[in-house]
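Here is the structure we will look at, set down as structure tokens.
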Amino acid sequence: MPFTLNPLPYPKDALMPHISATTFEFHHGKHHQAYVNNLNKLIEGAPQANASLVEIIQDSVGDPAKAGLFNNSAQVWNHDFFWASMKPQGGGQPTGEIGALITASFGDYQGFSEAFSQAATTQFGSGWAWLVAKGGKLEIRKTPNAETPLTEAGATPLLTLDVWEHAYYLDYQNRRPDFIKTFLDHLINWDFANANLRAA
């Protein structure tokens, strides 16, 4: 069955003033939709036609002959994960089990915030910043382009921030650090991170 564009988990104006409805119209409605469309074209009549999104990602990672499959399938998954990593009135101090793990892994929330901001700021060009669970503790990753910790053995993605320019340019222009700070202070969905942690 062809893949479809999943709806946003909130109205496209729900994260204003931090992320505008216009940004979602382009980022979700056009960029994310394009990855879905491209993926469907690539799997039409191919062995992957009946595979799940995660199966396609795992099967194509690291294979130059399947670069198109990986890039588009991973970007579909990454974007779905990114939308869920945010919520209205989110951000700030973590709650639940993840709060204790952040203290154990980074010293305190400030330590996490600084490390996450550093990863997101220094990801050259397009890519992602991630919080992952691995080996009983939390770690931070930054990945270029469509790369995802989903393909890393033993790592469970908990939340992500998209730092491709189309994620923030309409609202923040070249001020990526301001976008990162807004994500941390006002948007992070700690409930989603806790749910992923419980499932790890």
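Each reported figure results from applying straightforward, stated rules to the coordinates on display, with no laboratory input. What you see is a predicted model, and the numbers here were worked out from it, not measured in a lab. Every residue, glycine as well, gets a Cβ built from its backbone with ideal geometry; the counts of neighbours run over all protein chains shown.
Some points to look at:
- Annotation: amide H-H contacts under 5 Å for S126 (H modelled 1.01 Å from N, sequence separation of 5 or more, or interchain): N145.
- Inter-label distance, nm, simple model (7 Å from Cα along the C-beta direction), L170/S20: 0.7
- L159 long-range amide H proximity, modeled H, under 5 Å: L131
- Inter-label distance, nm, simple model (7 Å from Cα along the C-beta direction), T103/D63: 4.6
- Per-residue ³J(HN,Hα) for the range 38-53, Karplus 6.51 cos²θ - 1.76 cosθ + 1.60, θ = phi - 60°, Hz, x for Gly and Pro: 4, 4, 4, 5, 6, 8, 4, x, 9, x, 7, 4, 10, 7, 7, 4
- Footprinting exposure proxy for R175, R198 (fewest neighbouring C-beta atoms within 10 Å first): R198, R175
- Packing-based order for 140-149, 53-62, 69-78, using average beta carbon neighbours within 10 Å, highest first: 69-78, 140-149, 53-62
- With the simple spin-label model, which puts each label point 7 Å out from Cα in the Cβ direction, the T4 to N37 separation comes to 1.8 nm.
- Subset of K12/K181; K30/K87; K66/K137; K87/K142 violating a 24 Å alpha-carbon distance limit: K66/K137
- Mean projected area of the Cα convex hull of the range 14-120, taken over all directions, amounts to 9.0 nm².
- HN-Hα J in Hz across the range 160-175 - Karplus 6.51, -1.76, 1.60, θ = phi - 60°, x for Gly and Pro: 9, 10, 7, 10, 4, 4, 5, 6, 9, 5, 5, 9, 10, 6, 8, 8
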